[in-house]
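A.B. asks: Quick one: the structure is below, and I'll ask about it shortly.
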Amino acid sequence: MLKIGFVTILSVSVLSFVLLVSSVMAHAPLGSGDNESIDRATVIPDPTKSWAIYAELNSDGDPQYYTFNIATGHKIHVMLYKSMRPEESEFLPTFVILGPDIAERGTVPARVTVPPDAHALVVESGQPMATYEPFSPSSFYSLSDETIDSPTQGTYYVVVYEESSTPTGGHYGLAIGDRETYTVDEWILIPLNLLSIYQWEGQSLALVLAPMIATLVVGIVLVALKLRGQAKLVNVMAWLGGLAGLLFMGSGAIILYQMFISVMGTSLGPEVAITLMFALIPVVLGVVALRLSLKNIDKVSVRKRVSFVILAVVALFMWAGLFVGPALAIMASLIPTGGRREKP
């Protein structure tokens, strides 16, 4: 039997951290699609679950519609925010909740379609407030926050629009629901959603990936020098595991970079500790993968192969390596090496 080693302890600690954080601050991503008419409203599958939507209003002034069904007495919680792009400083979206027997408030613009027998609650946007989100990490302007209990079971709508007679269009986000939970696939696919969020903020994909690319370039040179010094420059397992480790570390570099540019526009608070933990874990995974790859290169034990598999699984759940890193770690665990094998 394999002894419980550092890799196992690390994986248990990381997964425990994942469960703890995801249980208190998770927002499942949801796309908006083409929803500029009420008959094409984006469906919110479960409005009691916490969803995060990142979208863009066009300058033509067309509202965007979201819809859900909910039972009587269940909480309807909607938050509206916008990106911090300097060119969108004049953009100020607002939203209205439409549904049966809602206590009416405000005036709905003529361009917003109100279903028959629906009542409207207009939620005005306040002064934009810079907010730091440690889970992503990212920053945005919070605009409004409304919570009501659904008075009647039925179909409800949330409609986002600009009140201005001369709309400018811009990037906005909605957070809907309170029940913090993720499915496994939602959690694993978060790295792809984060890339979309950073582009929603106005960053190019090249800029987002720059810290990982820089880590790879420098790391490949150092790994090559290490292998050359041991006359093992063509060792496939060492390269696969080493590249996996560099990609893990690159994910940590991306998180640190995003944290830095986000707090520049907001303020440094205790929640930054959460971001630092999310950055530290991929770096530690990378260090462990590099150590496995470059130490005792000719010794390919069962424990070493299993360690690569464990690292791959943990990295997948910790968004390390943008899927390529975990795949390379799995390949490193399986590929024949031609080296001397040890007993487990």
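The values are calculated or read from the model by the stated rules, or taken from the named source; none is laboratory data. Quick caveat, the model's predicted, so the values are computed rather than measured. All Cβ positions, glycine included, derive from the backbone under ideal geometry; neighbour counts span all protein chains shown.
A.B. asks: Quick check on the stretch 289-305: of everything there that is at pLDDT below 95 and hydrophobic (A, V, I, L, M, F, W, C), which residue is nearest to residue 248 (Cα to Cα)?
C.D. replies: Top of the filtered list is 292.
A.B. asks: Moving on. Answer yes or no: is there a residue in the stretch 137-149 that is under 16 Å from residue 83 (Cα atoms) and β-branched (Val, Ile, Thr).
C.D. replies: no
A.B. asks: In the stretch 159-175, how many are closer than 14 Å to residue 36 by Cα and not in a loop (DSSP other than H, G, I, E, B)?
C.D. replies: Restricting attention to the stretch 159-175, the residues satisfying the condition of being closer than 14 Å to residue 36 by Cα are 159-162, 169.
Then drop every residue that is not not in a loop (DSSP other than H, G, I, E, B), which leaves 159-162.
Qualifying residue count, the stretch 159-175: 4.
A.B. asks: Same structure, new question: Checking the condition touching a residue at least 40 places away in the same chain (Cβ under 8 Å) and among the aliphatic types (A, V, I, L, M), which residue from 218, 159, 184 passes?
C.D. replies: Numbers: 218 fails: touching a residue at least 40 places away in the same chain (Cβ under 8 Å); 184 fails: touching a residue at least 40 places away in the same chain (Cβ under 8 Å).
Step by step, each of 218, 159, 184 is checked, and only 159 is touching a residue at least 40 places away in the same chain (Cβ under 8 Å) and among the aliphatic types (A, V, I, L, M).
A.B. asks: Checking the structure you have, find out if any residue of the stretch 62-73 is β-branched (Val, Ile, Thr) and surrounded by fewer than 18 Cβ atoms within 10 Å (Cβ to Cβ).
C.D. replies: So in the stretch 62-73, the residues β-branched (Val, Ile, Thr) come out as 67, 70, 72.
Then keep just the ones that are surrounded by fewer than 18 Cβ atoms within 10 Å (Cβ to Cβ); that gives 72.
Yes, there is a match, as at least one residue in the stretch 62-73 is β-branched (Val, Ile, Thr) and surrounded by fewer than 18 Cβ atoms within 10 Å (Cβ to Cβ).
A.B. asks: I've got another one for you. Considering only the stretch 199-233, state which residues are among the small types (Gly, Ala, Ser) and either within 30 Å of residue 88 (Cβ to Cβ) or surrounded by fewer than 12 Cβ atoms within 10 Å (Cβ to Cβ) (or both). Working first, answer last.
C.D. replies: First, pick out the residues of the stretch 199-233 that are among the small types (Gly, Ala, Ser): 202, 204, 206, 210, 214, 219, 224, 229, 231.
Across the stretch 199-233, the qualifying residues are 202, 204, 206, 210, 214, 229, 231.
A.B. asks: Also, quick follow-up: Of the conditions (1) touching a strand residue (DSSP E or B) at 6+ places or on another chain (Cβ under 8 Å); (2) surrounded by fewer than 16 Cβ atoms within 10 Å (Cβ to Cβ), residue 117 satisfies every one except a single condition; which number is it?
C.D. replies: Evaluating residue 117 over (1) touching a strand residue (DSSP E or B) at 6+ places or on another chain (Cβ under 8 Å); (2) surrounded by fewer than 16 Cβ atoms within 10 Å (Cβ to Cβ) leaves (1) as the failure.
A.B. asks: Same structure again: Looking for whichever is farther than 16 Å from residue 51 by Cβ and free of Cβ contacts under 8 Å to residues at least 60 places away in the same chain here; the options are 139, 165, 150. Which one fits?
C.D. replies: On the way: 139 fails: free of Cβ contacts under 8 Å to residues at least 60 places away in the same chain; 150 fails: free of Cβ contacts under 8 Å to residues at least 60 places away in the same chain.
Among 139, 165, 150, only 165 is farther than 16 Å from residue 51 by Cβ and free of Cβ contacts under 8 Å to residues at least 60 places away in the same chain.
A.B. asks: Would you mind finding the one in 206, 175 that is touching an Asp or Glu at 6+ places or on another chain (Cβ under 9 Å) and modelled with pLDDT of 90 or more?
C.D. replies: On the way: 206 fails: touching an Asp or Glu at 6+ places or on another chain (Cβ under 9 Å).
The conditions single out 175.
A.B. asks: For the stretch 281-296, state whether one or more residues are under 23 Å from residue 201 (Cβ atoms), within 20 Å of the chain's Cα centre (by Cα) and in contact (Cβ under 8 Å) with a residue 24 or more places away in the chain.
C.D. replies: Of the stretch 281-296, the ones under 23 Å from residue 201 (Cβ atoms) are 282.
Next, from what is left, pick out any that are within 20 Å of the chain's Cα centre (by Cα): 282.
Within this subset, residues satisfying the condition of being in contact (Cβ under 8 Å) with a residue 24 or more places away in the chain are 282.
Within the stretch 281-296, one or more residues are under 23 Å from residue 201 (Cβ atoms), within 20 Å of the chain's Cα centre (by Cα) and in contact (Cβ under 8 Å) with a residue 24 or more places away in the chain.
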